[in-house]
1. Looking only at residues in the range 55-79 that are within 9 Å of residue 118 (Cα to Cα) and aliphatic (A, V, I, L, M), which one is farthest from the chain's Cα centre (by Cα)?
2. Looking at the structure I just gave you, is residue 67 charged (D, E, K, R), touching a residue at least 24 places away in the same chain (Cβ under 8 Å), crowded, with 16+ Cβ neighbours inside 10 Å and out of contact with any helix residue (DSSP H, G or I) (no Cβ under 7 Å at 6 or more places or on another chain)?
3. Note down all Cβ pairs under 9 Å where the first residue falls in the range 39-58 and is closer than 14 Å to residue 145 by Cβ and open to solvent by 60 Å² or more (accessible area, probe 1.4 Å), the second is assigned to a loop (DSSP other than H, G, I, E, B) and among the hydroxyl-bearing types (Ser, Thr, Tyr), and they're at least six residues apart or on different chains.
4. Might you check whether a residue that is within 18 Å of residue 177 (Cα to Cα) and under 12 Å from the mean Cα position of the chain (by Cα) occurs anywhere in the range 39-49?
5. All but one of (1) of a type in the set (A, V, I, L, M); (2) without any contact (Cβ under 8 Å) to a residue 60 or more places away in the chain; (3) farther than 18 Å from residue 142 by Cα; (4) surrounded by 15 or more Cβ atoms within 10 Å (Cβ to Cβ) hold for residue 99; state the number of the condition that does not hold.
6. Which count do you get for residues in the range 96-147 that are part of a loop (DSSP other than H, G, I, E, B), in contact with a Gly (Cβ under 8 Å, 6 or more places away or on another chain) and on the phi < 0 side of the Ramachandran plot?
7. Just for the range 83-95: of the residues that are surrounded by 19 or more Cβ atoms within 10 Å (Cβ to Cβ) and not in a strand (DSSP E or B), which one is farthest from the chain's Cα centre (by Cα)?
8. Out of the residues in the range 136-146 meeting the condition of being of a type in the set (A, V, I, L, M) and modelled with pLDDT of 95 or more, tell me which one is nearest to residue 54 (Cα to Cα).
Amino acid sequence: MGFFSKLFGKKNKESAGEQSLYICSPADGEVVSTSEVKDETFSQNMIGKGFALKPSSGEFVSPIDGELTLVAETGHAFSIKHANGIEILVHIGIDTVNMNANRDTNTPLKGFKLFAKAGDKVNVGAPIITADLDAIKKAGYDTITPVIVVNNEFSTNKTIADILKGQVTKTTKILEIK
């Protein structure tokens, strides 16, 4: 593209910085508002905005393409950073960190199995963690899973879940970030 076409030409969305990123569901289940999460950190959007999922399946996958920045040793959470800087936290259940809080690193995780580690590059749908939802419930924990955009500089433009209503499957587009 020449100087004058750059100066006077139409800007495409990517050059104007308006490229969207869709956050997909990390598991099968029902999408709900974060206000339904019984933890103020998530329900009051203290660490960011997003959505919550009432999972019906324990297979959790990557909701975006990017690099895993965290896979908790306890198995209860992971975060992924997209090339554009947006970082997503997936927190499986509420207070589920306590299931493995005092675990000796030589013993297996209770209720979780890890398939990836921090630093791995992943695409949407790549398996990250399997959670035994029955074991989590039996231990007395809620399985609701907040999916949060932790970067405050990125605003949530449109919640697709408001249109979809009801059940979703993993990799269903839920949230658009501009």
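1. Our first condition is that a residue be within 9 Å of residue 118 (Cα to Cα); within the range 55-79, this holds for 67-72, 78-79.
The next check asks that each one be aliphatic (A, V, I, L, M); those that pass are 68, 70-72.
Details: 68: 11, 70: 12, 71: 12, 72: 14 Å.
Among those residues, the one meeting the criterion is 72.
2. Values: charged (D, E, K, R): yes; touching a residue at least 24 places away in the same chain (Cβ under 8 Å): yes; crowded, with 16+ Cβ neighbours inside 10 Å: no; out of contact with any helix residue (DSSP H, G or I) (no Cβ under 7 Å at 6 or more places or on another chain): yes.
Criteria not met by residue 67.
3. Listed by first residue and then by second, the contacts come to 54/143.
4. yes
5. The number of the failed condition is (3).
6. The first filter runs over the range 96-147 and keeps only residues part of a loop (DSSP other than H, G, I, E, B), leaving 100-111, 115-120, 123-126, 132, 139-141, 143-144.
Next cut, in contact with a Gly (Cβ under 8 Å, 6 or more places away or on another chain) only: 100, 109, 111, 132, 139, 141, 143-144.
Filter once more, so that each one left must be on the phi < 0 side of the Ramachandran plot: 100, 109, 132, 139, 141, 143-144.
Residues meeting the conditions: 7.
7. Here the answer is 93.
8. Start the filter on the range 136-146 by keeping residues that are of a type in the set (A, V, I, L, M), which leaves 136, 139, 144.
When the remaining residues are screened for being modelled with pLDDT of 95 or more, the result is 136, 144.
Numbers: 136: 13, 144: 5 Å.
Per the criteria, the residue is 144.
The values are calculated or read from the model by the stated rules, or taken from the named source; none is laboratory data. A quick note: this is a predicted structure, and the numbers were derived from the prediction, not measured. All Cβ positions, even for glycine, are placed from backbone atoms using ideal geometry, and neighbour counts span all protein chains on display. The protein model used for the area step is the full one, side chains on, heavy atoms only, and it has no ligands, DNA or RNA in it. Shrake-Rupley method; radii C 1.70, N 1.55, O 1.52, S 1.80 Å.
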